[in-house]
Amino acid sequence: MDPSRARRSSAASTLRTAAVWSTLSEAAAQQAAALGRPLRVLDLGGGTGGLAVPLAEEGHDVTVVDPSPDALASLRRRATETGVADRVRAVQGDTDSVHDVVGANARFDLICVHGTLEVADDPDAAIAHVAGLLDEGAVLSIVVAQRLSAALARALAGEFERAQAILERPDGRWGDGDPGPRRYDEASVVDLLTRHGLDVQTSHGVRIFSDHVPSALLDTEADRRDLLALEATASTLSHTYPLLGSLGAALHVLAHRH
């Protein structure tokens, strides 16, 4: 197999990214078809390029902004090995400095904020910064950790007080010692995006079962494939059964600028 194709397919075959990649790649393809050109993509907090490199392999021009120089160095190596170094730009920065590092007049057709909003000092300000970089009709892809799944995991582990705190605390954490970042539910994400003039188009839970399945039950590649197929079905059905989507360890939301 072509190594670059194997690299690209990994986003679609990894439990943590498969459902997100399926939705994101389809949205990117539709947006590119509507514009008649490759997309200008910003991956804010994109790290080592787990999604940025596959997007570049699809022909899009991707700018990755991340605070970690080590992650950006790994991104550059990955982009070079995959043959897309000319379509990937690595820039050190964060949500607060993104306008400065990409340019105040920069505009993007697709912005990914995956696993970043939870750790932002001010999520409201972060979305305001990102919204200002969206071109007219552009797509914003948000992935955040969800509250209900974390509460369920703690309850199944017998940590009932922590489960209750996750449900009750505004930040969705069981306490100051919680290693997890801020957690959300769908309503709070929709409200946040709407306040900044963004229209939510789709939302679905991801990693609905995989984070609760003991690793001992994934002994073979066939087991992993079966779980991957179950995750794909569950993510699709989360539109029909909202509670199912709420059980996902993460929530994936696509929104458009007016």
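The values are calculated or read from the model by the stated rules, or taken from the named source; none is laboratory data. Just so it is clear, the model here is predicted, and its values are computed rather than measured. FYI the Cβ positions are ideal-geometry reconstructions off the backbone, even for glycines, and counts take in every protein chain you see.
Glu118 passes all but one of (1) farther than 14 Å from Leu251 by Cβ; (2) part of a helix (DSSP H, G or I); (3) not hydrophobic (A, V, I, L, M, F, W, C); which number fails? So Glu118 meets the others, but not (1).
Evaluate the following for Ala104: is it on the phi < 0 side of the Ramachandran plot and in a helix (DSSP H, G or I)?
On the way: on the phi < 0 side of the Ramachandran plot: yes; in a helix (DSSP H, G or I): no.
No: the conditions fail for Ala104.
What do you reckon, is Thr240 in a helix (DSSP H, G or I), surrounded by fewer than 18 Cβ atoms within 10 Å (Cβ to Cβ) and of a type in the set (Ser, Thr, Tyr)?
Working: in a helix (DSSP H, G or I): no; surrounded by fewer than 18 Cβ atoms within 10 Å (Cβ to Cβ): yes; of a type in the set (Ser, Thr, Tyr): yes.
So Thr240 does not fit the description; no.
Residue by residue, here is whether (1) in a helix (DSSP H, G or I); (2) at negative phi; (3) modelled with pLDDT of 95 or more holds:
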| position | (1), (2), (3) |
| --- | --- |
| Ser10 | yes, yes, no |
| Ala28 | yes, yes, yes |
| Pro38 | no, yes, yes |
| Val53 | yes, yes, yes |
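Looking at the stretch 81-96, can you tell me whether even one residue there is under 30 Å from Gly245 (Cβ atoms), in contact (Cβ under 8 Å) with a residue 24 or more places away in the chain and crowded, with 23+ Cβ neighbours inside 10 Å?
Initially, the stretch 81-96 is screened for residues under 30 Å from Gly245 (Cβ atoms), giving 94-95.
Applying the additional criterion that residues be in contact (Cβ under 8 Å) with a residue 24 or more places away in the chain yields 94-95.
Applying the additional criterion that residues be crowded, with 23+ Cβ neighbours inside 10 Å yields 95.
Yes, the stretch 81-96 contains at least one residue that is under 30 Å from Gly245 (Cβ atoms), in contact (Cβ under 8 Å) with a residue 24 or more places away in the chain and crowded, with 23+ Cβ neighbours inside 10 Å.
Which residue is farthest from Val139 (Cα to Cα), if the candidates are limited to the stretch 189-233 and must be among the acidic types (Asp, Glu) and in contact (Cβ under 8 Å) with a residue 24 or more places away in the chain? Step through it out loud before you land on a result.
Taking the stretch 189-233 and keeping what is among the acidic types (Asp, Glu), we get 191, 199, 211, 219, 221, 223, 226, 231.
With in contact (Cβ under 8 Å) with a residue 24 or more places away in the chain added as a condition, the list becomes 199, 211, 231.
Working: Asp199: 10, Asp211: 28, Glu231: 24 Å.
Only one residue fits best here, namely Asp211.
For the stretch 185-199, filtering for residues that are touching a His at 6+ places or on another chain (Cβ under 9 Å) and surrounded by 18 or more Cβ atoms within 10 Å (Cβ to Cβ) leaves 1. Note on the stretch 149-163: residues that are farther than 18 Å from Gly115 by Cβ and in contact with a Lys or Arg (Cβ under 9 Å, 6 or more places away or on another chain) total 7.
State all residues of the stretch 80-124 that are among the polar types (S, T, N, Q) and over 18 Å from the mean Cα position of the chain (by Cα); if no residue qualifies, say none. Working first, answer last.
Going through the stretch 80-124, the residues among the polar types (S, T, N, Q) turn out to be 80, 82, 92, 95, 97, 105, 116.
Scanning the stretch 80-124 gives Thr80, Thr82, Gln92, Ser97, Asn105.
Which residue is farthest from the chain's Cα centre (by Cα), if the candidates are limited to the stretch 128-181 and must be among the basic types (Lys, Arg) and farther than 23 Å from Ala18 by Cα?
Looking only at the stretch 128-181, we keep the residues that are among the basic types (Lys, Arg), and these are 147, 154, 162, 169, 173.
Now narrow it down to the ones that are farther than 23 Å from Ala18 by Cα: 154, 162, 169, 173.
Working: Arg154: 23, Arg162: 26, Arg169: 23, Arg173: 20 Å.
That would be Arg162.
Listed by first and then second residue, the pairs linking a residue in the stretch 46-71 that is closer than 18 Å to Arg107 by Cα to a residue that is small (Gly, Ala, Ser) and part of a helix (DSSP H, G or I), with Cβ atoms under 6 Å apart and 6 or more places separating them unless they lie on different chains, are Gly46/Ala52; Val62/Ala52; Val62/Ala56; Val64/Ala52.
For Ser210, the conditions (1) among the hydroxyl-bearing types (Ser, Thr, Tyr); (2) in contact with a His (Cβ under 9 Å, 6 or more places away or on another chain); (3) surrounded by 16 or more Cβ atoms within 10 Å (Cβ to Cβ) are fulfilled apart from (2). The listed residues are Asp66, Asp43, Asp70, and the only one of them that is closer than 25 Å to Asp121 by Cβ and loosely packed, with under 15 Cβ neighbours inside 10 Å turns out to be Asp70. When Asp43 is tested against the conditions (1) within 27 Å of Gly180 (Cβ to Cβ); (2) of a type outside the set (A, V, I, L, M, F, W, C); (3) in a loop (DSSP other than H, G, I, E, B), the lone failure is (3).
Taking the numbered list (1) buried (at least 20 other Cβ atoms within 10 Å of the Cβ); (2) under 24 Å from Arg76 (Cα atoms) in turn, Thr14 passes all entries but (1).
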